[in-house]
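Asker: Provided herewith is a single structure, encoded as structure tokens, for subsequent inquiry.
Nothing in this text is a laboratory measurement; each read-out follows from the coordinates by a stated rule. What you see is a predicted model; the values in this text were computed from it and never measured. So basically every Cβ, Gly included, is an ideal-geometry build from the backbone, and we count neighbours across all protein chains shown.
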Ligand code: NDP
């Protein structure tokens, strides 16, 4: 706290990881002597810069942009760019720190970084967004590169913004390289990137159940959110024979006791993305379902739950309700959807609980595969990528189990993910000596 005053998000993230790591490094002198945890918690560098752009009325506007390059011990810095008014240095440091562990867990050679700007894309015209992206890249380009730092999208930065930024990078440098991921298929993007996070979370869930000798067939699943992660998680669950009974958005949740089908999921995808509709309208399209205004779906009885909407959407009381209703496994599709009280409830009830760091790493993993394809100047087929994603999620699960086994055989996936990620990055840093 003394080293990072006024950075509550960052301090909280480091504290949470540190608690798990202290246990692991207690009897390992090297990590202490070399101050490995302290070094991972101090970004390699933070670049902060002015982003100046002109709005449609001709006003000159000034925003602040950042790139936090947290750690490149095991590969080029990698992590998303976020455009949102809430972006500040503390938030980006917290995200870059977490990304370092998530990327290490995938088994791919990617370091950790994160960037963004306090720019609000809401209500801006496409031309304004384009000019902002170009101005942002006009400074960022000198700090990134296919072997240096490879940003991706995040909140407020989708395929369109990646296109604007990639175009500007290419224009300035005259280099066509895989410097960004999340690109369009026409210019170096990868198949299954949109599906990867949701599908990956379900693969991870299946791995957790398999340890208990169970599978997803016939299981009732509750999902929050109705965006990219939620709809693709639903799709994979249905393919695996589960009955998905809820989806939600910021206005409330729908309960469909008959269960979602591919046809219903396709309707939701089109409704939310192309028509920008509300999930409430689902009940008109599919009678038999009910809408619950202003509520989250955690009170609906289920076997498995996947929070896939947003941070802190599942509280301690929600976790208690899930446990009381017989939920045996939770996989986080979103980043930090379960608050600390909720995590403690799941741990003490010995519920299988996969943190986002492990369960939603499928997205960045396929971004890593996009980097490989760009380096090779080729595109892999969908079936190859599906298999690779499945193998990567099984690998992450294995690493969590190896370092998360606790009392009475209970696997603490949070601890397992933290320790496995730390060990990989830390061991590389030990090899480099004091630098
Ligand atoms: P989308 O924007 O596609 O979807 C977000 C969904 O969450 C929408 O249904 C949205 O509803 C809902 N939502 C937003 N805020 C709230 C709220 N306060 N209460 C209830 N529901 C809310 O995002 P993604 O699906 O891509 O991302 C979801 C989460 O997964 C985020 O935490 C993201 O950081 C994380 N993630 C995503 C990855 C990816 O590859 N996409 C990778 C790793 C993590 P509404 O329409 O009302 O806003």
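Asker: Decide, for the range 262-374, between rounded, prolate and oblate: order the square roots of the alpha carbon gyration tensor eigenvalues as a ≥ b ≥ c, take rounded if a/c falls under 1.5, and otherwise choose prolate if a/b is larger than b/c, else oblate.
Answerer: Values: a/c = 2.18, a/b = 1.05, b/c = 2.08.
Oblate.
Asker: Based on DSSP, what percent of beta bridges with both residues in the range 209-312 are antiparallel, to the nearest 5?
Answerer: Details: 8 of 16 bridges.
Here the share of antiparallel DSSP bridges comes out near 50 percent.
Asker: Using a Gaussian network for the chain with springs between C-alpha atoms less than 10 Å apart, which of these wobbles most: 211, 419, 14?
Answerer: Of 211, 419, 14, the most mobile in the Gaussian network model is 211.
Asker: Would you order 340, 95 from fewest to most other beta-carbon atoms within 10 Å of each residue's own beta-carbon? Don't jump to the answer; show the numbers that get you there.
Answerer: Working: 340 13, 95 28.
Fewest-to-most Cβ neighbours within 10 Å comes out as 340, 95.
Asker: Separate question: Just grab the label-to-label distance for residue 146 and residue 6, each label 7 Å out from Cα along the Cβ direction, in nm (one decimal).
Answerer: Result for the modelled spin labels: 4.1 nm.
Asker: I would also like to ask the following. Please report the spacing between the Cα centers of the range 3-58 and the range 338-396 in Å, no decimals.
Answerer: Here the answer is 22 Å between Cα centres.
Asker: Sticking with this one: Just 187, 403, 199 to compare: in a GNM of the chain, with alpha carbon springs under 10 Å, which one fluctuates most?
Answerer: Result for the chain, Cα springs under 10 Å: 187 fluctuates most.
Asker: Right, next: On a C-alpha basis, how far is the centre of the range 172-209 from the centre of the range 412-426 in Å? Whole number, if you could?
Answerer: Measuring centre to centre over Cα atoms gives 23 Å.
Asker: Say R0 is 41 Å: what FRET efficiency, to the nearest 0.05, do residue 325 and residue 39 get from their beta-carbon distance? Don't jump to the answer; show the numbers that get you there.
Answerer: Working: r = 44 Å, r/R0 = 1.07.
It comes out at approximately 0.40.
Asker: What are the extents of the Cα atoms of the range 347-416 along their three principal axes, listed from largest to smallest and rounded to whole Å?
Answerer: 48, 17, 16
Asker: Rounded to the nearest 500, what is the chain's calculated 222 nm mean residue ellipticity when only DSSP H runs of at least 4 contribute -39500 (n - 2.57) each, over all residues?
Answerer: Numbers: 16 runs with 198 residues, N = 435.
Using -39500 (n - 2.57) per qualifying helix, the result is -14000 deg cm²/dmol.
Asker: Follow-up. For residue 375 and residue 344, FRET efficiency with R0 = 51 Å and r from the beta-carbon atoms, rounded to 0.05?
Answerer: On the way: r = 43 Å, r/R0 = 0.84.
Working from the Cβ atoms, E equals 0.75.
Asker: Based on Cα coordinates alone, diagonalise the gyration tensor for the range 43-182, multiply each eigenvalue by 5, take square roots, and list the semi-axes in whole Å, largest first.
Answerer: Details: eigenvalues 121, 53, 30 Å².
Gyration-tensor ellipsoid for the range 43-182: 25, 16, 12 Å.
Asker: Of the beta bridges DSSP finds with both residues in the chain, what % are antiparallel, to the nearest 5? Write down the numbers at each step before the final one.
Answerer: Numbers: 27 of 48 bridges.
Of all bridge pairs located within the chain, approximately 55 percent are antiparallel.
Asker: If you build a Gaussian network model of the chain, linking Cα atoms that sit under 10 Å apart, which residue out of 59, 325, 374 swings the most?
Answerer: Evaluated over the chain, the most mobile residue of the options is 59.
Asker: I'm checking a number: the convex hull volume of the Cα atoms of the range 193-350, normalised per residue, in Å³. What is it?
Answerer: Values: hull volume 15.5 nm³, N = 158.
Per-residue hull volume (Cα only) is 98 Å³.
Asker: Still on this structure: Mind putting together the pair-distance distribution for the range 117-196? All Cα pairs, 10 Å bins, whole percent per bin, short to long.
Answerer: Going out from 0 Å in 10 Å bins, the range 117-196 shows 17, 54, 27, 1 percent.
Asker: Rank by packing, highest mean first: peptides 423-431, 228-236, 160-168, with packing defined as the count of other Cβ atoms within 10 Å averaged across residues. Don't skip to the end; give the middle numbers.
Answerer: Values: 423-431: 18.0, 228-236: 25.8, 160-168: 20.2.
Packing proxy ranking, top to bottom: 228-236, 160-168, 423-431.
Asker: Ok, one more. Using every alpha carbon pair in the chain, what percent of pairs falls into each 10 Å bin from 0 up to the bin containing the largest distance?
Answerer: The calculated distribution, bin by bin, is 4, 22, 31, 27, 13, 2, 0.
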